[in-house]
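Report on the following structure.
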Amino acid sequence: MSEDKPTVAIIGSGIAGLAATHILGEKYAVTIFEREATLGMDSQSISVPPCKGRVDVPLRIFNPRFYPLLTKLYTSTQVSFAPCSSEFSSSWITKEKGVAGYFKYSNLSIGKLGIPYFSLNLSPMNWLNSSHKYRPSYLKTLYSTVLHSVSLFRFFLFSPFYIGVRTGLGCKALTLGEYLKGGLIPYPKTFIYDLLYPMLSVVCTCSYSSLDAYPAKTIIDYYNTYGILTWFPNPFRTKLQYGGAHCRVTEGINSVCEKLSKRAVKCVFNSNVTEVIPGAKPLVKSKDGSVQEFDYVVVATQPHHASALLPQAKPELLEALKQWKYEHSCVYVHRCDSLMPSRNCDWSNVNIMVGPRTTGLDGSQCSIWLNRLDDTIPEDVYQTWNPAFKLEEDKILKYAEFTRPVVTMETERHCKVVKENQGSGGVFLVGSYSRFDMPLLENAVKSGKEVGELMGVSF
Ligand SMILES: Cc1cc2nc3c(=O)[nH]c(=O)nc-3n(C[C@H](O)[C@H](O)[C@H](O)COP(=O)(O)OP(=O)(O)OC[C@H]3O[C@@H](n4cnc5c(N)ncnc54)[C@H](O)[C@@H]3O)c2cc1C
């Protein structure tokens, strides 16, 4: 049967390549080329016995309400997923004991509703129990708590309205840094660096300086569409919405990848593709010297890899791919309690740890309490992104490195160039980076859906 179908090579099997495989596999004979030894989405995962399936690294969660295409993809391929609480806490980074966390967000699940609530550290007892050298006076703690609350409400309620009006009037687009730190009443630094940026640096996997340069509208739209904003009774919204609970896949990520790639006729692993040559019949060149001809090629790698693969692409596309900004970071899976908040009562599913501003750290650290999210893992296991301290060697289970695209004021222009060049020389591009939005799983699936439409397959 597959011999009659036109052929497509998909280079890369992260979620974008896998979504494209499922969508295009309906009408095309798909061959996946992946440079890793397993499908890309599973390539960094880890077995934690006696847990049967492999644990996702990095752990990726989603909210069906705001990730409709990813949810459709998982549902149509029988991938099982279940709600998980997206509660998180913020604490100071320290090795000393007795320091109070200063913010806790939680989510009350009632049926399909996830009602958020947060608590700030106002308790004098918490403060008295804390002996940390960065501990401010109680009055200062009280003051910053009030500032955090007022600023959070201001940001969540007022920002969409303000940015919406500015966009409507055709004013110059602002970076997040310009929006927060400029204007008549700038946001307090304590709110920016102790609360908002730590949260966002985890969502975007990037530094505070990259957040400064993020387009303000992208972040505010994200909260408006995906996040907390939708849960607030916002007078500037015409429709009141409540967010459903966040979810995680409940089978091993290896099994998820198997299901998503079922429609591929062939998967070639350890196949470092070195070049894709556009043409009436595009060619795929691999490191082993082999050259294969296809009817179409879909490049599903990160943009800097795509630029290396496509030296013969149109100059404007090559330039846009080369200029895409990205950041490099790492994730450890481990058993070191020292990377969790100092006091056990501050432990949460997601634990954001923040360096006091005086230390000049350009980002936060985030530890996920894996066995709290997945009760099939019997003992304490954590996944820490961007650790601030060296881990004890014997407690490290896995180390993985990632690059993630960062959105800048130029990204919209680059995405336009990608869009204009889709299909040129039989080559298409997909990836969570390739559409102008937050580089999350949903955007990767959307990119696969859009390329599917261009190639005559709807999803
Ligand atoms: C720490 C962290 C946490 C995250 N958490 C979340 C989350 O909770 N929710 C969420 O929605 N998103 C999250 N994300 C973002 C999400 O993981 C990415 O947006 C998504 O995985 C990107 O998928 P992709 O398919 O576009 O790219 P990738 O996953 O990078 O896939 C590209 C693939 O191409 C392969 N490749 C590259 N070059 C070649 C070559 N020459 N030949 C063959 N193959 C090649 C690579 O090996 C890789 O498998 C997180 C990201 C990070 C880093």
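For the reader, a short list of remarks on this structure follows.
- Filtered residues of the range 313-331 (kept if free of Cβ contacts under 8 Å to residues at least 40 places away in the same chain and either over 19 Å from ARG435 (Cβ atoms) or touching a Leu at 6+ places or on another chain (Cβ under 8 Å) (or both)): PRO315, LEU318
- The lone exception for ALA306 - which of (1) under 21 Å from the mean Cα position of the chain (by Cα); (2) surrounded by 15 or more Cβ atoms within 10 Å (Cβ to Cβ); (3) in the same structural domain as ASP212 (by TED's automatic domain parsing) it fails: (3)
- Identity of the residue in the range 394-407, under 22 Å from the mean Cα position of the chain (by Cα) and not hydrophobic (A, V, I, L, M, F, W, C), that ends up farthest from ASP56 (Cα to Cα): PRO405
- Selected residue (only one of LEU18, LEU59 is assigned to a loop (DSSP other than H, G, I, E, B) and not β-branched (Val, Ile, Thr)): LEU59
- Residues (over 22 Å from ALA20 (Cα atoms) and assigned to a strand (DSSP E or B)) located in the range 297-327: TYR326, GLU327
- The single condition among (1) under 30 Å from LEU391 (Cα atoms); (2) among the β-branched types (Val, Ile, Thr); (3) crowded, with 20+ Cβ neighbours inside 10 Å that VAL256 does not meet is (1).
- Check on LEU397, in contact (Cβ under 8 Å) with a residue 60 or more places away in the chain, in the same structural domain as ILE277 (by TED's automatic domain parsing) and in contact with a strand residue (DSSP E or B) (Cβ under 9 Å, 6 or more places away or on another chain): no
- Of all residues assigned to the range 254-274, at least one qualifies as being without any contact (Cβ under 8 Å) to a residue 60 or more places away in the chain, touching a strand residue (DSSP E or B) at 6+ places or on another chain (Cβ under 8 Å) and outside any loop (DSSP other than H, G, I, E, B).
- Of residues in the range 408-439 being among the small types (Gly, Ala, Ser) and within 18 Å of the chain's Cα centre (by Cα), the one nearest to ARG60 (Cα to Cα): SER432
- Looking across the range 328-353, just one residue is in a strand (DSSP E or B), of a type in the set (S, T, N, Q) and closer than 27 Å to PRO49 by Cβ, and that is ASN351.
- Flag for PHE66 being touching a strand residue (DSSP E or B) at 6+ places or on another chain (Cβ under 8 Å) and within 11 Å of the ligand (Cβ to nearest atom): no
- When VAL417, VAL354, VAL430 are checked against the criterion of being outside the structural domain of TYR105 (by TED's automatic domain parsing), surrounded by 18 or more Cβ atoms within 10 Å (Cβ to Cβ), among the β-branched types (Val, Ile, Thr) and closer than 27 Å to THR175 by Cα, VAL430 stands alone in meeting it.
- Taking the listed residues ALA306, ALA320, the one that is at pLDDT 95 or above and away from the ligand (no atom under 11 Å from the Cβ) is ALA320, with no other qualifying.
- Counted residues, the range 26-50 - those being crowded, with 18+ Cβ neighbours inside 10 Å, more than 16 Å from the ligand (Cβ to nearest atom) and assigned to a loop (DSSP other than H, G, I, E, B): 2
- LEU211 surrounded by 20 or more Cβ atoms within 10 Å (Cβ to Cβ), over 18 Å from SER434 (Cβ atoms), at pLDDT below 95 and not aromatic (Phe, Trp, Tyr): no
- For LEU429, the requirement of being farther than 28 Å from TYR179 by Cα, in contact with a helix residue (DSSP H, G or I) (Cβ under 8 Å, 6 or more places away or on another chain) and within 14 Å of the ligand (Cβ to nearest atom) is met.
The values are calculated or read from the model by the stated rules, or taken from the named source; none is laboratory data. Computed from a prediction, not measured in an experiment: that's the story for all the values here. Positions of Cβ are backbone-derived with ideal geometry, glycine not excepted, and every protein chain shown enters the neighbour counts.
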